[in-house]
Amino acid sequence: MVIPKPAHDEYARLPEIGTEQTGARHGKGTLGRVSDGVIAIIITIMVLELKIPEGADWAALRSIAPHFVAYVLSFVYMAIYWNNHHHLLHTVKQVDGAILWANANLLFWLSLIPAATAWLGANFLKPIPTAVYGAVLLMPAISYPSLQIAIVHRHGRTSLLAQALGRDLKGKLSPVFYAAGILLAFVIPWVSIALYVLVAAIWLVPDPRIARAVRETDDEE
């Protein structure tokens with residue numbers, strides 16, 4: 001029996017599976033979707049950890065202020081990582097095992113932020129929670145450049161990302177500020193929080209080097 005072919009085949013427009021270009025785009029797309037999903041889950045967990053005021057007066061609202069401050073700071077950090085990670089993946093043309101593992105390492109350390117945020121909020125300006133929060137921020141700051149290195153290694157020293165990174169001054173200074181904040185947490189905790197806020201402020205604007213690389217990539221496509 002001959003089965004008639006539909007006049008409009010919805011799969012006719014799909015690229016041929018198995019080609020190198022299709023595999024690269026599929027890997028890149030999957031990497032981005034998985035990362036976006038994990039980051040969305042992390043933010044959701046932080047929202048669920050927010051404390052609800054037990055009363056209906058200003059005193060009750062003030063009692064949850066430390067939790068809210070910790071949440072806002074962590075949310076800003078997650079937004080920064082999502083934004084820069086989104087731009088970074090635009091420079092990726094091919095995905096290999098090293099990139100996948102480097103990305104998984106970054107997501108692992110980011111997944112610890114909700115727990116550190118909840119502990120900091122419950123013990124605001126206490127030395128050990130403040131130091132641990134700084135340590136949890138430090139590890140993604142180390143992991144993100146590792147992901148960049150893996151991407152550059154896969155695409156070569158002449159790739160758009162390699163040329164865009166340059167000296168990467170912000171990336172090198174951030175771990176120093178975090179380390180200083182961890183040490184100062186045992187002496188003057190509020191200075192540690194100020195340093196964490198400072199690093200967030202430095203990274204609020206998406207990295208212009210990566211943004212330029214993204215524009216060049218879009219122009220090429």
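The values are calculated or read from the model by the stated rules, or taken from the named source; none is laboratory data. None of the values given here were measured: they were computed from a predicted structure. Reconstructed Cβ throughout: ideal geometry from the backbone, glycine too, with neighbour counts over all protein chains shown.
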(request) Considering only the stretch 50-83, state which residues are touching a Pro at 6+ places or on another chain (Cβ under 6 Å) and either farther than 16 Å from Ile113 by Cβ or buried (at least 18 other Cβ atoms within 10 Å of the Cβ) (or both). (result) Ala60, Leu61, Ile64
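Report, by residue number, each residue of the stretch 64-86 that is over 20 Å from the mean Cα position of the chain (by Cα) and in contact (Cβ under 8 Å) with a residue 12 or more places away in the chain.
First, pick out the residues of the stretch 64-86 that are over 20 Å from the mean Cα position of the chain (by Cα): 64-68.
Scanning the stretch 64-86 gives Ile64, Pro66, His67, Phe68.
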(message) If Ala115 meets every condition in (1) in contact with an Asp or Glu (Cβ under 8 Å, 6 or more places away or on another chain); (2) at pLDDT 95 or above apart from one, which number is that one?
(response) (1)
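Rundown of residues vs (1) among the hydroxyl-bearing types (Ser, Thr, Tyr); (2) part of a helix (DSSP H, G or I); (3) closer than 19 Å to Ser192 by Cα, yes/no style:
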position	(1), (2), (3)
Gly32	no, yes, no
Ala60	no, yes, no
Ala70	no, yes, yes
Ser74	yes, yes, yes
His87	no, yes, no
Ile99	no, yes, no
Asn105	no, yes, no
